[in-house]
Amino acid sequence: MVAVDDVSFDVNPGETLGIVGESGSGKSTTAYCVLRLVEPTAGSVVFDGTDVTALSQAKLRRIRGQMQIVFQDPYSSFDPRMRVGTVVEEPLRVHGIGNRADRKRLVADLLERVGLEASAADRYPHEFSGGQCQRVGIARALALEPKLVVCDEPVSALDVSVQAQILNLLKDLQDALGLTYLFISHDLAVIRAVSDHIAVMNSGRIVEFSAANDLFNDPRDSYTKKLLSAIPVPDPLEMQRRRETQKA
């Protein structure tokens, strides 16, 4: 059985490509193949002119700093026995960047950049709210100054008001650092808010790819139309009209 088949797309530097689809559509698998967290069985992934799938583990390790990820659930992506400062410092230490004092300064700067106090470094993940923990996850992803950041459902586990804060933070960081995002979500409202282009996935394939505004204003694929028709609106008559249109 093939999880993802014949998927092809480009992401322009400094832009956000949103990948949307229901659970099991292949969104996260696609993103993990880009990072080689899942090994693709065919095809290629070209990052900054380099075919990532052709690299040895040693060469892949050297390029990993330029390709980072923010996970859906920050709590499960952290070692609960590690202080936050150690969590953020780990990629710096693994890649041999700076001495201990240098790394401590970098960690403080990273925490402040994502809206936390430098003193947060001495606390454990369970002492933070979900939104604060996700800020730590973003700080860790930024530690190696990446060009590409994969955001795998980074706000789906958060309250709506906190979602907005994290999305605004990601946008501010993109503007300040020139980041490129591959943003995975099942939430069309989130995807619309962050994306320059959108790929719609269904059953392991991209069924529609377009500029964000075009997708919402003039969807072409029947599956995309079904997704858009399922977006709730605060008007029962409009929801009824949508259901009748869908049946027709």
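The values are calculated or read from the model by the stated rules, or taken from the named source; none is laboratory data. Since the model is a prediction, treat every value here as computed from it, not as a measurement. Heads up, the Cβs are rebuilt from the backbone with ideal geometry, glycines too, and the neighbour counts pull from every protein chain shown.
General observations
- Annotation: A54 fulfils all but one of (1) within 21 Å of the chain's Cα centre (by Cα); (2) under 27 Å from G14 (Cα atoms); the unmet one is (1).
- Count - residues of the stretch 156-204 that are within 18 Å of L228 (Cβ to Cβ) and touching a Pro at 6+ places or on another chain (Cβ under 7 Å): 0
- Subset of the stretch 57-107 that is of a type in the set (G, A, S) and farther than 15 Å from L35 by Cβ - its residue that is farthest from the chain's Cα centre (by Cα): A101
- Among the residues of the stretch 115-139, the one identified as of a type in the set (K, R) and assigned to a helix (DSSP H, G or I) is R135.
For every residue, the table says whether it meets (1) part of a helix (DSSP H, G or I); (2) of a type in the set (G, A, S); (3) buried (at least 21 other Cβ atoms within 10 Å of the Cβ).
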residue	(1), (2), (3)
A141	yes, yes, yes
A157	no, yes, no
Q165	yes, no, no
Q174	yes, no, no
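- Every condition in (1) in a helix (DSSP H, G or I); (2) modelled with pLDDT of 95 or more; (3) more than 16 Å from E145 (Cα to Cα) is met by L17 except one, and the failing one is (1).
- Among the residues of the stretch 144-155, those identified as crowded, with 16+ Cβ neighbours inside 10 Å and touching a residue at least 60 places away in the same chain (Cβ under 8 Å) are L144, P146, K147, L148, V149, V150, C151, D152, E153, P154.
- Just one of (1) under 19 Å from the mean Cα position of the chain (by Cα); (2) touching a residue at least 12 places away in the same chain (Cβ under 8 Å); (3) part of a loop (DSSP other than H, G, I, E, B); (4) surrounded by fewer than 16 Cβ atoms within 10 Å (Cβ to Cβ) fails for V7. It is (4).
- A single entry from I198, I191 fulfils the requirement of being β-branched (V, I, T), over 22 Å from Q66 (Cα atoms) and in a helix (DSSP H, G or I): I191.
- Yes/no for A189 being closer than 20 Å to R140 by Cβ and at pLDDT below 90: no
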